[in-house]
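For reference, the structure discussed in these notes is given below.
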Amino acid sequence: MERPQDTTAIDLRTTLAVGLAAGYGIRERTQGDLSFLSKLYASTRQDELRAVNWTAAQKAAFLQDQFDKQHLHYLAHYPCAQWLVIEREGVPAGRIYLEQTTSEIRLMDLALIPSSRSKGVGTALMHALISHADQEGLAVSLHVEPLNPAMRLYRRLGFVEVETRGYYLFMERRSSHV
């Protein structure tokens with residue numbers, strides 16, 4: 001079930017889009033995006049699955065199952081989240097999932113298709129997110145796998161490791177206006 005739009009969601013979506021390169025935009029996710037989002041998720045797991053001796057069909061089934069479980073987890077644990085699709089020239093190119101509370105903005109996920117990676121899109125989104133959080137006096141928090149290349153960006157942006165939660169590191173960047 002999609003949640004109704006509210007002005008906070010629209011303002012944050014607009015804020016995030018401001019620093020993006022020409023041709024990029026952000027919109028609310030729709031049910032019609034789930035196939036794209038499943039393929040996007042699979043693209044983020046390709047490196048780790050290269051080492052697994054499974055058939056292509058087994059890998060595809062595993063990735064679909066993992067996407068479905070992640071999707072249901074997010075829906076259950078982040079009921080007020082903003083589910084945003086990043087577009088390039090009107091074509092889906094990524095996703096950014098966020099939930100804002102009175103004390104923080106949780107970055108649940110930021111993922112881009114391979115052709116949009118390493119082009120400054122993620123960095124621009126993170127800068128805009130941090131700027132918004134600072135204006136609101138909010139921390140930004142996230143979970144990240146220890147070997148994720150994004151760790152370098154998060155550390156550069158001032159995120160610090162708070163604790164290990166299962167396989168993930170929980171990181172936080174406190175607002176500069178606290």
- Query: Of the residues 153, 125, 98, which exhibits the maximal mean-square fluctuation in a Gaussian network model of the chain defined by a 10 Å Cα contact cut-off?
  - Reply: 153
- Item | Per-selection Kirkwood Rh - the chain (Cα, Å, 1 d.p.) | 17.0 Å
- Task: Select from 132, 77, 143 the residue whose mean-square fluctuation is largest in a Gaussian network model of the chain (Cα-Cα springs shorter than 10 Å).
- Result: 77
- Task: Would you be so kind as to identify all helices of the chain, as entire DSSP H runs, whose Cα atoms reach 27 Å or more along the helix's own axis and whose mean Kyte-Doolittle hydropathy is at least 1.6?
- Result: none
- Query: Per the Kirkwood formula on distinct C-alpha pairs, the Rh of segment 121-168 is how many angstrom?
  - Reply: 11.7 Å
- Message: If neighbour count is taken as other Cβ atoms inside 10 Å, put 55, 15 in order from fewest to most.
- Response: 55, 15
- Query: Can you pull the Kirkwood radius for segment 83-136, inverse mean 1/r over Cα pairs, to one decimal in Å?
  - Reply: 11.9 Å
- Query: In the Gaussian network model of the chain, springs joining C-alpha atoms below 10 Å, which of 90, 19, 166 carries the largest mean-square fluctuation?
  - Reply: 166
- Please order 67, 170, 159 by the number of other Cβ within 10 Å, starting at the fewest. 170, 67, 159
- At q = 0.18, 0.28 1/Å the base-10 log of I(q)/I(0) from the Debye formula over the alpha-carbon atoms of segment 34-97 is -0.74, -1.21
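Only the coordinates and a few stated rules stand behind these numbers; no lab work does. Worth saying up front: this structure is predicted, and the values here are computed from it rather than measured. Every residue, glycine among them, receives a Cβ derived from its backbone with ideal geometry; neighbour counts consider all protein chains shown.
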